[in-house]
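Here is the structure we will look at, set down as structure tokens.
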Amino acid sequence: TATGAQASPAARTTGVGRPHSLVFDKTAYTLRTAVLPSADGGTKEVTYRFYAPTTYVTDPLDAAHQSLVISVPVAIDGRKVNTERAPIVFANWVGGYFPVSVAEATGVGEGIMEMPNGQVLENNGNDTNLPKLALAAGYVVVEPGARGRTLVDGEGVYYGTAPAVIVDLKAAVRYLRANKGLVPGDTDRIVSTGTSAGGAMSALLGASGDSPLYAGHLRQLGAADASDAVFAAAAWCPITDLEHADMAYEWCWGEAQLSSTGTLVDQNLSRELRAAFAEYQASLRVDGLGGFGRLSARNYDDYLLKTYLQPAATAHLSGLSSDARSAYLADRPAIQWNGKRASFTWDAYLAHMGGRNKNVPSFDGFGLTTGENNLFGKGTVSARHFTRYGLDHDTTGLGADRLDKDIPETLALMNPMHFIRRRHAGRSRHWWIRLGTSDPHTSLTVVGNLAASLSGLGDHVNSAMYWDAGHATNRDPAAFLRWIAEVTG
Ligand code: DHB
């Protein structure tokens, strides 16, 4: 066909990738009616305008990924909805730092995450389709695609590795804000959401609003000249603070069994990393929520128990019938119930939660085989080290004595903590942070530090854990959707 080898089938059929003015065409929608799940567990019949995939930069490298779709509720169960000033839920589908695409979406909640070998994962492995729930709750929903770590062009160049994903998401936000008054909903009330790698990116969008550090990258793509700050950010199990994730992982799960084998990982490596975590945690100078005081490697277990784990167990057990609760407790003698509250020790929690799912080190693998090694690939190099510790233990025969020169800046561009530690003024002031207590994909301190640091800056932080919930769980979408109304109202 005339469109050339680079264009995907989607690009040929949807108009994605045509020269783009970045002016939103508010007449370019199809009216759709669908029965959608609602956050209360029921369904709603929703009539909505669906705006087909549109490219959000003038010079896309890959329009099939650098495009977004918009859904605007018109009527819900037969009642008209006024979305003139409705908050915009900006729901990214990123997972695993893989590419995500909405180029073939024909309705709300159809973004896909592209896994290796041509596999796709709908719903980002999540148990909740938040875009559908948000639309059924009356919000305008924007779903952006974005480049991801596995994309390679015809010359073998990795063009979706860090910081591509955050640059794309920022460009998408800028597209919306540049079209204030044309795009349905209130572009000053954008609420970002995401899970896991997508949660990391949502937190980063929230933390880094309007940072000049991204200007060059954004200019290169022809991103709109507008704010990329978001009003509020929500993150479920964010896999973030990657340069400190190995040490944090060993502090948290170092003495937990590897779930695949039932054995412990190399305790010498684990101990070294734990020692590094103690230094890192001290350097953060962050106080725990609820007047806990300065957080350290020595008291963080106690902090997590009191602030997150025991309250999560208490909430879960309070919600059970007394028969179900008795049965649960009978099988788990290490969990105490005093009639009102659950309590247990850190060791009991570790034994209970199912163990670690990553070897040591978890993120910067000595053999360059982790997803994060690929995330920090560059040019034709598919995977690189991004920590001193990983480089020093390299087993691939690199023979390098220092990290590549661009790594420190790339790490900063990918890490919300970089901006939070500098009290970045363009950040969101409203935060929703959630994590399952049986999710070993990263250390619990990642969420702990994110929430505590933001709260320390005076931001409004709503953080909690879900008891016995695994990775990518969303147990309280109804509460989240109500929270949006509260903070934007
Ligand atoms: C995700 C999970 C991981 O374990 C990880 O290292 C990065 C991302 C995810 O589910 O998005």
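The values are calculated or read from the model by the stated rules, or taken from the named source; none is laboratory data. Since this is a predicted model, take the numbers as computed values, not measurements. Note that we place each Cβ from the backbone using ideal geometry, even for glycine, and neighbour counts take in every protein chain shown. Keep in mind that these areas ignore ligands, DNA and RNA; they rest on the heavy atoms of the full protein, side chains included. Shrake-Rupley method; radii C 1.70, N 1.55, O 1.52, S 1.80 Å.
A few comments on the model shown:
- Single match in ALA235, ALA229, ALA203 (criterion: in contact with an Asp or Glu (Cβ under 6 Å, 6 or more places away or on another chain), closer than 17 Å to VAL487 by Cα and either within 16 Å of the ligand (Cβ to nearest atom) or in a loop (DSSP other than H, G, I, E, B) (or both)): ALA229
- Count of the stretch 122-175 residues which are at pLDDT below 95 and open to solvent by less than 30 Å² (accessible area, probe 1.4 Å): 3
- Residue in the stretch 166-189 that is assigned to a loop (DSSP other than H, G, I, E, B) and of a type in the set (A, V, I, L, M) present: yes
- When the stretch 445-462 is filtered for residues that are away from the ligand (no atom under 16 Å from the Cβ) and open to solvent by less than 30 Å² (accessible area, probe 1.4 Å), the ones remaining, listed by number, are GLY448, ASN449, ALA451, ALA452, SER453, LEU454, ASP459.
- Whichever residue in the stretch 31-48 is within 19 Å of ILE70 (Cα to Cα) and open to solvent by 70 Å² or more (accessible area, probe 1.4 Å) and, among such residues, is nearest to the chain's Cα centre (by Cα): VAL35
- Matching residues in the stretch 242-258 - criterion: being touching a Ser or Thr at 6+ places or on another chain (Cβ under 9 Å), open to solvent by less than 10 Å² (accessible area, probe 1.4 Å) and assigned to a loop (DSSP other than H, G, I, E, B): GLY254
- Among residues of the stretch 335-361 being touching a Pro at 6+ places or on another chain (Cβ under 9 Å) and in a loop (DSSP other than H, G, I, E, B), the one that is most open to solvent (accessible area, probe 1.4 Å) is ARG341.
- Tally of residues being within 14 Å of the ligand (Cβ to nearest atom), more than 17 Å from ASN126 (Cβ to Cβ) and either at pLDDT below 95 or open to solvent by less than 10 Å² (accessible area, probe 1.4 Å) (or both) across the stretch 431-443: 1
- Residue pairs meeting the criteria (Cβ under 7 Å; at least 6 apart or on separate chains; first of a type outside the set (S, T, N, Q) and modelled with pLDDT of 95 or more, in the stretch 330-359; second within 16 Å of the ligand (Cβ to nearest atom) and assigned to a helix (DSSP H, G or I)): ARG356/TRP253; LYS358/TYR249
- Sole residue being surrounded by fewer than 22 Cβ atoms within 10 Å (Cβ to Cβ), of a type in the set (Gly, Ala, Ser) and not in a loop (DSSP other than H, G, I, E, B), chosen from ALA425, ALA400, ALA412: ALA412
- Qualifying residue in the stretch 8-21 (condition: at pLDDT 95 or above and surrounded by 19 or more Cβ atoms within 10 Å (Cβ to Cβ)): no
- Answer residue from the stretch 206-220, given it is surrounded by fewer than 22 Cβ atoms within 10 Å (Cβ to Cβ) and among the hydrophobic types (A, V, I, L, M, F, W, C) and is farthest from the ligand (Cβ to nearest atom) among those: ALA215
- From the options ILE112, ILE70, ILE88, ILE76, residue that is among the hydrophobic types (A, V, I, L, M, F, W, C) and surrounded by fewer than 20 Cβ atoms within 10 Å (Cβ to Cβ): ILE76
- Matching helices (runs of 4 or more DSSP H) fully within the stretch 280-331 where at least 1 residues are of a type in the set (S, T, N, Q) and touching a strand residue (DSSP E or B) at 6+ places or on another chain (Cβ under 7 Å): 310-318
- Listed conditions (1) open to solvent by less than 50 Å² (accessible area, probe 1.4 Å); (2) away from the ligand (no atom under 16 Å from the Cβ) are all met by ASN117, apart from (1).
- Scanning the stretch 66-104 for residues that are part of a loop (DSSP other than H, G, I, E, B), under 21 Å from the mean Cα position of the chain (by Cα) and closer than 20 Å to ALA28 by Cα gives GLN66, VAL102, ALA103.
- Set THR106, THR128: member being within 16 Å of the ligand (Cβ to nearest atom), touching a residue at least 12 places away in the same chain (Cβ under 8 Å), touching a Ser or Thr at 6+ places or on another chain (Cβ under 9 Å) and hydroxyl-bearing (Ser, Thr, Tyr): THR128
- Flag if ALA52 is among the hydrophobic types (A, V, I, L, M, F, W, C), open to solvent by 40 Å² or more (accessible area, probe 1.4 Å) and outside any loop (DSSP other than H, G, I, E, B): yes
- As a summary of the residue check, LEU457 satisfies the conditions (1) of a type outside the set (D, E, K, R); (2) touching a strand residue (DSSP E or B) at 6+ places or on another chain (Cβ under 7 Å); (3) under 29 Å from ALA278 (Cβ atoms) except for the one numbered (2).
- Residue tally, condition polar (S, T, N, Q) and open to solvent by less than 20 Å² (accessible area, probe 1.4 Å), over the stretch 91-109: 2
- Residue count for the stretch 371-384, restricted to those that are crowded, with 20+ Cβ neighbours inside 10 Å and either away from the ligand (no atom under 12 Å from the Cβ) or of a type in the set (Ser, Thr, Tyr) (or both): 4.
- ASP347 meets all of the listed conditions (1) more than 15 Å from the ligand (Cβ to nearest atom); (2) closer than 28 Å to LEU411 by Cα but one, namely (2).
- Some residue of the stretch 462-469 being assigned to a loop (DSSP other than H, G, I, E, B) and farther than 30 Å from VAL360 by Cα: no
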